[in-house]
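My questions all concern the structure below.
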Amino acid sequence: MKSIEQYIRQMPKVELHVHLEGSVQPKTLLKLAERHHISLPAVTVEGIREWYTFRDFAHFVEIYMTISSCLRTVDDIELIAREFLLGQAEQNILHSEVTFTPYNQWVNCGLGFHEQLDAVNRAREWGEKELGIRMGMIIDIPRERAPEAGEQVSTWVIDRFGDGVVALGLGGPEQGNPPEKFRNAFNRMRDNGIPCVLHAGETDGPSSIWNAIEVAGPARIGHGVRAVEDPKLVEYLHRTQLPLEVCPTSNICLGVFPSLAEHCLPQLLDLGLRVSINSDDPPMFNTTLADEYLACAITYGWDKATLRELTKSAVDMLLLPSSEKLGLRKRFQEEFAASEPL
Ligand SMILES: [Zn+2]
């Protein structure tokens, strides 16, 4: 009989909430900094790992911006995308929808969006051919930027939707940067039939989720865990089955919940809401998607059937055409059938 840990590591998975720049490993960051003669707060993998260790949201943004500042060429983008896919393949994550913020690199060093996406697409093709896994990109607006960022990013998304781009996202510091700031960008998505995925209800309360719903009519909500504070919102999420992308360890690191035992995830499931499990920015929170499933299984006593249901339900939340989703569902069934029965 396989241990629950072995089972989790081998079971097929999908990931819906993970950031490309937030997945850069310390040794890669050192390599990139050396390549571009950028000085970092540390010069060893251990030092970077220590600096990566989450302190507060401001520190988190500082790390994120440092990573972005080290991404200066298309080769850098292709490198991090390939390494990301390798990490996903190691965990048997068959499909990922990955948030990517090319706007930062464009502002930092004028690296064009189309070149950045071409580099990502080269990595995507390689991942599909060599690793047998796929990813789609959610191109997000960094919400701390001026409203013009919304105009720029939405134009990019419209130009390349379907060519590796699956949605427009909204990320960055939630407080003080409501989605209304970028209303026009979301209206453009509505007009073009392009899905939106917004971070909301993480560091800000239920009103942020209501705003995201009103402004963008999102396909999914990034985090959304603070919905539990508003019974009306819980009722709405239950009725519409609007999916929430829950990132347990990220929430604990950011102080949204004091511990996994006190996290609202079991409550969300009991309330019949549609949730998926995700890693957000894995090296920064010292986690992986497999680690997230394992920590939850141990803390909440999830059995293998629960784990299978959660992963299958996450497949249904992917922004894929139904034919592709059907193919993936079939692959999941086959892999589950090949693994040990309960
Ligand atoms: Zn996120």
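Test L268 against the criterion of being closer than 17 Å to G205 by Cα, surrounded by fewer than 24 Cβ atoms within 10 Å (Cβ to Cβ) and within 12 Å of the ligand (Cβ to nearest atom), and give yes or no.
On the way: closer than 17 Å to G205 by Cα: yes; surrounded by fewer than 24 Cβ atoms within 10 Å (Cβ to Cβ): yes; within 12 Å of the ligand (Cβ to nearest atom): no.
No: the conditions fail for L268.
So, one more: Looking at the structure I just gave you, is E46 free of Cβ contacts under 8 Å to residues at least 24 places away in the same chain, more than 22 Å from A295 (Cα to Cα) and within 19 Å of the chain's Cα centre (by Cα)?
Judged against the criteria, E46 is not a match.
Name the residue, out of E202, E180, E174, that is under 28 Å from F257 (Cα atoms), acidic (D, E), in contact with a helix residue (DSSP H, G or I) (Cβ under 9 Å, 6 or more places away or on another chain) and in a helix (DSSP H, G or I). Can you show your working first?
On the way: E202 fails: in a helix (DSSP H, G or I); E174 fails: in a helix (DSSP H, G or I).
Exactly one residue qualifies, and that residue is E180.
Just name the residue that is farthest from the ligand (Cβ to nearest atom) out of those in region 3-28 that are among the β-branched types (V, I, T) and assigned to a helix (DSSP H, G or I).
Checked region 3-28; the qualifying residue farthest from the ligand (Cβ to nearest atom) is I4.
Now for a different question. Between a first residue in region 268-292 that is free of Cβ contacts under 8 Å to residues at least 24 places away in the same chain and a second residue that is of a type in the set (D, E, K, R), which pairs have beta carbons less than 6 Å apart while being 6 or more apart in sequence or on different chains?
So the pair list comes out empty.
Specify which of the listed residues (T240, T203, T249) is surrounded by 15 or more Cβ atoms within 10 Å (Cβ to Cβ) and modelled with pLDDT of 95 or more. Reasoning before the result, please.
On the way: T240 fails: surrounded by 15 or more Cβ atoms within 10 Å (Cβ to Cβ); T203 fails: modelled with pLDDT of 95 or more.
Within the list T240, T203, T249, the selection yields T249.
Still on this structure, please answer the following. Yes or no: I80 part of a helix (DSSP H, G or I), touching a residue at least 60 places away in the same chain (Cβ under 8 Å) and hydrophobic (A, V, I, L, M, F, W, C)? Outline the logic, then answer.
On the way: part of a helix (DSSP H, G or I): yes; touching a residue at least 60 places away in the same chain (Cβ under 8 Å): yes; hydrophobic (A, V, I, L, M, F, W, C): yes.
So I80 passes the test.
Also, quick follow-up: Regarding H37, is this residue modelled with pLDDT of 95 or more, outside any helix (DSSP H, G or I) and under 24 Å from R124 (Cβ atoms)?
The answer is no for H37.
Can you pull out the residues in region 140-175 that are within 16 Å of the ligand (Cβ to nearest atom) and small (G, A, S)?
Listed by number, the residues that qualify are A167, G169, G171, G172.
Shifting gears a bit: Provide a single number: the residues in region 297-328 that are exposed (fewer than 15 other Cβ atoms within 10 Å of the Cβ) and either touching a strand residue (DSSP E or B) at 6+ places or on another chain (Cβ under 6 Å) or among the charged types (D, E, K, R) (or both).
The qualifying residues number 3.
I've got another one for you. Considering only residues that are away from the ligand (no atom under 13 Å from the Cβ), of a type outside the set (G, A, S), modelled with pLDDT of 95 or more and in a loop (DSSP other than H, G, I, E, B), which ones fall in region 271-286?
L271, L273, R274
I need the full set of residues from region 77-92 which are more than 18 Å from E125 (Cβ to Cβ) and over 16 Å from the mean Cα position of the chain (by Cα), in order please.
Matches in region 77-92: E90, N92.
Which of (1) over 23 Å from F182 (Cα atoms); (2) among the hydrophobic types (A, V, I, L, M, F, W, C); (3) assigned to a loop (DSSP other than H, G, I, E, B) is the odd one out, the single condition L242 does not satisfy?
So L242 meets the others, but not (1).
The values are calculated or read from the model by the stated rules, or taken from the named source; none is laboratory data. Because the structure is a prediction, the values reported are computed rather than measured. A quick note on method: Cβ atoms are made from the backbone with ideal geometry, for glycine too, and the neighbour counts reach across all protein chains shown.
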